[in-house]
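Each value in this text was obtained by applying a stated rule to the coordinates, not by laboratory testing. As the structure is a computational prediction, the values presented were derived from the model and not from experiment. Neighbour counts are summed over all protein chains in view; Cβ atoms, including those assigned to glycine, are modelled from backbone coordinates with ideal geometry.
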Amino acid sequence: MWGRRASVLAVRPRRAFHVLTLLCACAKAPQSAAPLVPESCPLPGAHGPVSIDYLACDRQRARVWVPVGDTGSADVFDIAKGAFARVDGFKTAERQAQGVKRIAGPSAVAVGDGFVYVGNRATSEVCAVEDATLQLTTCLLLPTPTDGVAYVASAKEVWVTTPRAHSLTVLDASAPARLAPKLVIALEGDPEGYAVDSSRGLFYTNLEDKNRTVVVDVQTHAVRETFQARCGADGPRGVAIDESRDLVLVACTDGVRVLDGAHGGALLGSLETGLGVDNIEYLSAPRLLFVAAGKASRLTVVRLSDSGQLSVVATAVTAAGARNAVTDAAGNAYVVDPAGARLLKFAFGVSR
């Protein structure tokens, strides 16, 4: 339990911040163009290439959150206004991986209840931002680097994948502006990706190095089941849930697998979508799955049947490295072009 390790942790006081409101000046797709030709919206203050990982969409407020490590900011795109606001104040650090120097900083976002939580890979912190004012409040220091961040509303908790420690780190968000350490869930491998089944009280993550998908009970914090992900040597990445049919959608690096959550993760369907898949996004009402393949520079929109079969609805050309698509309430999809330092919006209505 973390309560016995308080000396390792620190909650930082309110720090200086400012919010810049910038018109996006999106480049509109021609009206005569085919569907899914994107609008292009430059990230404020970024010139590319930029390091981008997990995006998030706040569908209630119609905003897309883009954490940008290179600028030490969380860029917040107002969908209706076509404008960016930039929340500054996050620290950055230079990192070297495979001989290449990169700037690490804000890298993951989870939308909570009145607050948005930003994971910072440079400092191993999770920071709270008030969503009404876009004010950065406090940051909680974790003893191990953060990766994905998810909000579990039923428990008022923030769950963080912490792969270096082979664990899930659970934070208490009952006081939403000031996160507190709660406990650590030990895993048998490196967690990658996250999804919450709110109706069943389950949390899903993958073990990238073990080619498994893990099911965790939200109330007891115990691992309930482990499924074969069937992603091959590269292992699984993101995960999404169809709650009404208890179907688990697992992203492999080259496509998607559909597992039967009610029957031990039996394989129901699969689809190849191109190389470079990471996180995935699922809209339950229209049964649409959005898969961005960064190496293939392709966005694939897929429909999920009752039996777990996948069929392609549409595809579009994106940009090299564009991955981790998110969607708004209207079914529009968003990815980031890292080299061009721009947000790409693909207008795809759920009524289609």
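Straight-line reach from Lys345: taking Cα to Cα under 19 Å and skipping same-chain neighbours fewer than 8 places apart, the aspartates and glutamates in range are Glu39, Asp53, Asp58, Asp75, Asp78, Asp278, Glu281, Asp328, Asp337.
Listed from fewest to most Cβ neighbours within 10 Å, the set Ile103, Ile52, Ile185 follows the order Ile103, Ile185, Ile52. Dipole magnitude for the chain: about 600 debye, using +1 per Lys or Arg Cβ and -1 per Asp or Glu Cβ, origin at the Cα centre. The alpha carbon centroids of the stretch 146-202 and the stretch 242-256 are separated by 20 Å. Largest mean-square fluctuation among Pro49, Pro106, Pro191, in a Gaussian network model of the chain whose springs join Cα atoms under 10 Å apart, belongs to Pro49. Taken one residue at a time, the phi angles of the stretch 69-74 give Karplus couplings (6.51, -1.76, 1.60, θ = phi - 60°) of x, 5, 9, x, 9, 10 Hz. Gly and Pro are set to x. Stretched out straight at 0.36 nm per residue, the stretch from Ser198 to Arg61 would grow longer than its current Cα-Cα span by 47.2 nm.
Summing Lys and Arg as +1 and Asp and Glu as -1 over all other residues whose Cβ lies under 12 Å from the Cβ of Glu243 gives a net charge of 0. Straight-line reach from Lys91: taking Cα to Cα under 20 Å and skipping same-chain neighbours fewer than 8 places apart, the lysines in range are Lys101. Taking all Cα pairs closer than 8 Å and separated by 6 or more residues, the relative contact order of the chain comes to 13 percent. Peptides 333-341, 136-144 ordered by packing proxy, namely the average of other Cβ atoms within 10 Å per residue, highest first: 333-341, 136-144.
Around the Cα centre of the stretch 221-272, unit charges on the Cβ atoms of Lys, Arg, Asp and Glu (plus for the first two, minus for the last two) sum to a dipole of about 100 debye.
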